[in-house]
Amino acid sequence: MGRLTAEHIAEQAVDVGLVTPRQLQEAWSTLGTRSVGADEFLQALVRRELLTKYQVDRLSKGERTGYFYGDYKVLYLMGAGTFARVFRAAHRDSGQVVAVKVLRGRFSEKPAQSSLFLREGELGRSLRHPNIVPIYEVHSRGKEHFLVMEFVEGRTLREFVKVRKVLDPKDATRILADIARGLDYAFQRSVTHRDLKMSNVLISSRGEAKLVDFGLAAIDEGAPTGGEGDASTARTVDYAALERATGVRRDDTRSDLYFAGCIYYHMLSGKPPLYEGRDRARRLNRLRFQEIEPIRQVVPSLPLCVTLVVNKAMALEPSRRYQTPGEMLADVESTLKRLEDATYAGAQGEAAESGQGDPTGGAGQPERRVMLVEANLQVQNLLREGLKKAGYRVLLTSDPQRAFDRLAQEPGIVEAIIIDAQAVGEPAVECFNRVSTLPWTRSFPALLLLGETQRALTAKAETSDHRRVLPLPVTLKQLRMALGQLLPGRPDNELKDTP
């Protein structure tokens, strides 16, 4: 405490507005004497919840500022970043608890950066969504610039994953869905995030993910590029590197989606896909994006539907990535539904569709059984219903490897297989070829569906009279006709001509 006495600190606490004279008098009365040390006196004020430890530390150092920002009394320092500090604070009259983000001094003294901070604060103030932390107020007083935001009881996603190590696919997908909802809402209002990372996602005590710092990374882009500037621009260097490597403009929403994929990868694997050190040259190197270890190699047990979302979000070529947050959200919600569906729970994305006890499938003839390998939930439902109407019983799976294993382990489980490569790619072709290597499936009817952009895979497919490639797009009727031609004893004129 140096030479500061209890009396001196008490006077200072009143002068800076932390306590009232009446509260101070009550504290002295509780102690029964003023002949106490500074430590004992301050601890008494903390016990009575008149001061916080943060305030005590500043008072002990003789600090006379930094206790209030506008009408908000600072309670604790919550976090300190490159360009701002964030405090937990309470309104001096209402007691409402908020988070106050204060621009650091070196930026506050530069009009270009401070005005950008305020402008982005006003932009964030316009966003009101359950998955975005709202900004309530934007203040600028002399060289003091700060934002008043919702206080979220919880922790950052980085802290959350540090404790949990690896998240269950369902939990990770729920969080990604929240992130995508926030991004989609902002995108509809022409706002991109520009600094999406684990520490800018808050996980509330209720388990909801909320995004913070929309657009605030922009103030670093005006920082100097030497010395301390290298550290200050580290927040946006990942975006700069990605956009330099892919040739897209700096406000391309697909950059946010790439880093949303990185967050998903980290939650599922327990480690970041990209190097996160302070070596600026290494972080800007294109090879950093090309050398990412595929998520399926890191976590082989992941359901294919989850792997596909990671891979599409993190495609280096922007045209192969999700094009909008809404597109990503639709896929993520479908994946989450699949993971939560009880019919998939026991087999990581696999389900059997029965004929409800009718051995004829309602078609007046013995029911035929087919396996459908389809990773897109919407397409899966469409094909399943179409095949059911034609009298087929359908066994579903999203994973080609799982389909092959099932055929190998259970001879005769189905009479044909349909594999859609559109969402899976080359593994679908590999499964199509491997099916013919099993002793009991050498004459097994198989259909491989290839999308318009996958024609190059046709040459890799091993076809025969009972193994065909069907180019997409194709109607349900055409699919049923092709399947009927391959199945023995099932002439295509027996198939229903339902649309």
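The values are calculated or read from the model by the stated rules, or taken from the named source; none is laboratory data. Keep in mind that what you see is a predicted model, and the values were worked out from it rather than measured. Note that each Cβ is placed from the backbone with ideal geometry, even for glycine, and that neighbours are counted across all protein chains shown.
Data for the structure
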item	result
Close pairs (6 angstrom Cβ cut-off, 6 or more residues apart or separate chains): closer than 19 Å to LEU211 by Cα in region 90-119, polar (S, T, N, Q) anywhere	LEU118/SER140
Residue in region 224-241 that is modelled with pLDDT of 85 or more and not in a helix (DSSP H, G or I) present	no
Candidate set from region 254-290 (those that are in a helix (DSSP H, G or I), at pLDDT below 95 and of a type outside the set (A, V, I, L, M)); member that is farthest from LYS312 (Cα to Cα)	ARG280
Region 157-197: number of residues that are out of contact with any helix residue (DSSP H, G or I) (no Cβ under 7 Å at 6 or more places or on another chain) and of a type outside the set (A, V, I, L, M)	13
Residues located in region 188-202, provided they are in contact with a Ser or Thr (Cβ under 7 Å, 6 or more places away or on another chain) and outside any loop (DSSP other than H, G, I, E, B)	MET198, SER199, VAL201, LEU202
Residue within region 83-99 that is surrounded by 14 or more Cβ atoms within 10 Å (Cβ to Cβ) and farther than 26 Å from SER205 by Cβ present	yes
Near pairs, Cβ below 7 angstrom, 6+ apart or cross-chain, from region 368-395 (at positive phi) to any residue that is surrounded by fewer than 20 Cβ atoms within 10 Å (Cβ to Cβ) and of a type in the set (A, V, I, L, M, F, W, C)	GLY391/ALA363
Any chance ARG34 is of a type in the set (D, E, K, R), over 24 Å from HIS145 (Cα atoms), surrounded by fewer than 13 Cβ atoms within 10 Å (Cβ to Cβ) and not assigned by TED's automatic domain parsing to the domain that holds LYS101	yes
Test for VAL16: is it closer than 30 Å to ASP213 by Cα and either not assigned by TED's automatic domain parsing to the domain that holds ARG278 or not β-branched (Val, Ile, Thr) (or both)	no
Some residue of region 104-126 being in a strand (DSSP E or B), outside the structural domain of GLY17 (by TED's automatic domain parsing), over 30 Å from GLU7 (Cβ atoms) and not β-branched (Val, Ile, Thr)	no
Subset of region 153-176 [surrounded by 17 or more Cβ atoms within 10 Å (Cβ to Cβ) and either of a type in the set (A, V, I, L, M) or over 18 Å from the mean Cα position of the chain (by Cα) (or both)]	LEU157, VAL161, LEU167, ALA172, ILE175, LEU176
Count of region 112-128 residues which are surrounded by fewer than 16 Cβ atoms within 10 Å (Cβ to Cβ), modelled with pLDDT of 85 or more and farther than 17 Å from ASP195 by Cβ	4
Members of region 15-31 that are loosely packed, with under 14 Cβ neighbours inside 10 Å and closer than 17 Å to SER60 by Cβ	ASP15
Subset of region 397-434 (residues that are farther than 19 Å from ALA482 by Cβ and not in a helix (DSSP H, G or I))	THR397, SER398, ASP399, GLU410, PRO411, GLY412, ILE413, ALA423, VAL424, GLY425
Scope region 441-474; condition outside any loop (DSSP other than H, G, I, E, B), surrounded by 11 or more Cβ atoms within 10 Å (Cβ to Cβ) and of a type in the set (A, V, I, L, M, F, W, C); matching residues	ALA446, LEU447, LEU448, LEU449, LEU450, LEU457, VAL469, LEU470
Subset of region 408-440 [in contact (Cβ under 8 Å) with a residue 40 or more places away in the chain and surrounded by fewer than 16 Cβ atoms within 10 Å (Cβ to Cβ)]	ILE413
Those helices (runs of 4 or more DSSP H) lying entirely in region 1-73 with at least 1 residues under 27 Å from ARG85 (Cβ atoms) and free of Cβ contacts under 8 Å to residues at least 24 places away in the same chain	6-15, 38-47, 53-60
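To keep it simple, each residue is scored yes or no on (1) surrounded by fewer than 21 Cβ atoms within 10 Å (Cβ to Cβ); (2) at pLDDT below 85.
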{"residue": "ALA330", "(1), (2)": "yes, no"}
{"residue": "ALA363", "(1), (2)": "yes, yes"}
{"residue": "GLU367", "(1), (2)": "yes, yes"}
{"residue": "GLN380", "(1), (2)": "no, no"}
{"residue": "LEU387", "(1), (2)": "no, no"}
{"residue": "ARG406", "(1), (2)": "yes, yes"}
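Residue by residue, here is whether (1) on the phi > 0 side of the Ramachandran plot; (2) in contact with a strand residue (DSSP E or B) (Cβ under 7 Å, 6 or more places away or on another chain); (3) of a type in the set (Val, Ile, Thr) holds:
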| position | (1), (2), (3) |
| --- | --- |
| SER35 | no, no, no |
| PHE41 | no, no, no |
| TYR54 | no, yes, no |
| ARG64 | no, no, no |
| LEU75 | no, yes, no |
| GLY81 | no, no, no |
| ARG92 | no, yes, no |
| VAL97 | no, yes, yes |
| PHE117 | no, yes, no |
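For (1) farther than 19 Å from ARG194 by Cα; (2) touching a residue at least 40 places away in the same chain (Cβ under 8 Å); (3) crowded, with 20+ Cβ neighbours inside 10 Å, each residue gets a yes or a no:
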site	(1), (2), (3)
ASP256	no, yes, yes
GLY261	no, yes, yes
PRO273	no, yes, yes
ARG283	no, yes, no
GLU293	yes, no, no
SER301	yes, yes, no
